[in-house]
Amino acid sequence: MYESIHMKGRFDVKKKLFALVLVLTLMLTGCGKIATLENGEEVVAEMDGKKITANDLYDELKKQGGAVTLTNMIDTFVVNKEIKTDDDARSYADSQLSSYKQSYESYGQDFKAALKSAGYSGEDEFKEELILEYKKNIVTENYVKEKLTDDEIQKYYDENIFGDIEARHILISPNTDDDMSDDEKEKAEEKAKKEAEDIIKKLDDGEDFAKLAKEYSDDEGTASDGGKLTVTYGSVVDEFWDGVTDLKDGKYSKEPVKSEYGYHIIYRIKQKEKPKLKDVKDDVVDKLVQEKMNEDTTLQTKALVALRKKYNLEITDDGLKSSYDNSVNTALSAQNSSN
């Protein structure tokens, strides 16, 4: 399952990080019982005919995920410097933690045991990683915002922001279920469409739209209020939006509007004036940012690379620097090819 893989990946990094930090601690502080060779190198293990030095181990760890471990250490530092832990971050972590727990429980698995096997001392440590994940998302959002142009904002406003439309509708849903044959489903569709057409004839004969909605509409959320609703762009299926925008104020659809929910008869009351850009600019920016993040999975990598540069990152170990550069380029190439 996803969570198990997710934690396993973190556990691998955690083990490498622990090993690297342990070696560096031994090398730099000289703590513990450490044998030394004649050239002063510290020995971390020995057997007949072989001594493994701290340098040997360090070099091997660099090959086995050293750049990943180093990058995680760097990102933890710079992200925490950039973004403070606030109530929103804690709420995000609590929500994600609850979701993980529920997922494990639904599969009859022990969440605490899963945490332990993944290398976490408990929920508090795991929450800290979730908070870091939240902060990385904020860093990415800020990075995208800084790169947005006025032209992009204006274009999105022109094409996607509209005044709210007050309307009424009557929904006739076909009575179908998964056990029906295709022929039975087709007949149910035809029956629903015919019922919607009959209601339009009643409207043509002067009957009241709100009364008909209360009597016939299958939309339980609006039927009791005569089918009344406020329609905003993106809040309804495209077919409904197209249907209501094609109407003039005070007019109703002369043909049923088909959507995944069934057949709609729409009555347009009025449309409010389009809000000014300055009043909705924050919302426009937020929506643009989310669109870009959904479309381009490389953005977090790019944002973190930019943040490391901001803090003047310099990797002084040639081997680690080469691995770091390769890992960044590989991540960006792989993500670009999947977009």
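Readers should treat all values here as calculations from the given coordinates under stated rules, not as data from a laboratory. Given the structure is predicted, the values throughout are model-derived calculations rather than measurements. Using ideal geometry, Cβ is built from the backbone for each residue, glycine included, and neighbour counts are taken over all protein chains shown.
Students often get this wrong, so check it: of Lys84/Lys127; Lys136/Lys287; Lys214/Lys270; Lys278/Lys309, which have C-alpha atoms separated by over 25 Å? Numbers along the way, then the final one.
Details: Lys84/Lys127 15 Å; Lys136/Lys287 18 Å; Lys214/Lys270 21 Å; Lys278/Lys309 33 Å.
Flagged as over cut-off: Lys278/Lys309.
Given labels modelled 7 Å from the Cα in the Cβ direction, how far is it in nm from Thr298 to Thr245?
The answer from the label model is 3.2 nm.
Quick one: grab the alpha carbon gyration tensor of the stretch 162-271, order the square roots of its eigenvalues as a ≥ b ≥ c, and give me rounded if a/c is under 1.5, else prolate or oblate depending on whether a/b is larger than b/c. Write out the running numbers ahead of the final one.
Numbers: a/c = 1.93, a/b = 1.47, b/c = 1.32.
In terms of gyration-tensor shape, prolate.
Can you tell me how much longer the chain between Glu125 and Glu46 gets when fully stretched, taken as 0.36 nm per residue apart minus their C-alpha distance, in nm with one decimal? Working shown, then result.
Details: separation 79, 0.36 × 79 = 28.44 nm, distance 3.44 nm.
25.0 nm is the gain from fully extending Glu125 to Glu46.
Out of the stretch 250-320, which GluC sites (Glu not before Pro) are coil in DSSP terms and have no more than 11 other C-beta atoms within 10 Å? Present the calculation step by step, with values, prior to reporting the outcome.
On the way: sites: Glu260, Glu273, Glu291, Glu295, Glu314; in loops: Glu260, Glu273, Glu314.
Within the stretch 250-320, the qualifying GluC sites (Glu not before Pro) (loop, at most 11 other Cβ atoms within 10 Å) are Glu260, Glu273, Glu314.
Place a +1 charge on the Cβ of each Lys and Arg in the chain and a -1 charge on the Cβ of each Asp and Glu, then give the dipole magnitude about the Cα centre in debye, rounded to the nearest 20.
Values: 51 positive and 73 negative charges, 264 e Å.
Here the chain has a charge dipole of around 1260 debye.
For Asp94 and Lys116, FRET efficiency with R0 = 22 Å and r from the beta-carbon atoms, rounded to 0.05? Present the calculation step by step, with values, prior to reporting the outcome.
Numbers: r = 20 Å, r/R0 = 0.92.
Computed FRET efficiency for Lys116 and Asp94: 0.60.
Any chance you could run the full-extension gain for Val237 through Asp286? It's 0.36 nm times the residue separation minus the Cα-Cα distance, nm to one decimal.
Numbers: separation 49, 0.36 × 49 = 17.64 nm, distance 2.14 nm.
Going from the current span to full extension adds 15.5 nm.
Ranking Asp318, Asp198, Asp218 by Cβ neighbours within 10 Å, fewest first, what do you get?
Asp318, Asp198, Asp218
State to the nearest 20 debye the size of the charge dipole of the stretch 162-271 about its Cα centre, where the only charges are +1 on K and R beta carbons and -1 on D and E beta carbons. Intermediate results must be reported in sequence, preceding the final value.
Details: 17 positive and 30 negative charges, 153 e Å.
Result for the stretch 162-271 is approximately 740 debye, rounded to the nearest 20.
Which value at 222 nm does the chain reach when only helices count, each DSSP H run of 4 or more adding -39,500 (n - 2.57), with the total divided by all residues and rounded to the nearest 500 deg cm²/dmol?
The helix-only estimate for the chain comes to -20000 deg cm²/dmol at 222 nm.
For Cα pairs less than 8 Å apart in space and 6+ apart in sequence, what is the mean separation divided by the residue count of the stretch 112-260, i.e. the relative contact order in percent?
Relative CO of the stretch 112-260 lands at 23 percent.
Counting trypsin sites (Lys or Arg not before Pro) as exposed when in a DSSP loop with at most 12 other beta carbons within 10 Å, what is the longest stretch of the chain free of them? Spell out each step's value before the answer.
On the way: sites that count: Lys33, Lys84, Lys248, Lys251, Lys254, Lys272, Lys276.
Excluding the exposed sites themselves, the longest stretch runs over 85-247.
Using r as the Cβ-Cβ distance of Glu82 and Lys274, and R0 as 35 Å, what FRET efficiency do you calculate, to the nearest 0.05? Don't jump to the answer; show the numbers that get you there.
Working: r = 37 Å, r/R0 = 1.05.
Rounded to the nearest 0.05, the efficiency is 0.45.
Quick check: Cα centre of the stretch 151-189 to Cα centre of the stretch 85-105, how many Å?
If you average the Cα positions of each part, the centres end up 33 Å apart.
For Cα extents along the principal axes in Å, several values are listed as (1) 74, 45, 36; (2) 80, 59, 33; (3) 105, 50, 37; flag the one computed from this structure.
Label of the calculated value: (3).
Before anything else, pin down the relative contact order of the chain: Cα pairs under 8 Å, at least 6 apart, normalised by residue count, whole percent.
18 percent
Exactly which GluC sites (Glu not before Pro) in the stretch 161-241 are in a DSSP loop and have at most 14 other Cβ atoms within 10 Å? Please report the intermediate quantities before stating the final value.
Numbers: sites: Glu166, Glu184, Glu186, Glu189, Glu190, Glu195, Glu197, Glu207, Glu215, Glu220, Glu239; in loops: Glu207, Glu220.
Those that pass, being in a loop and sparsely packed, are Glu207, Glu220.
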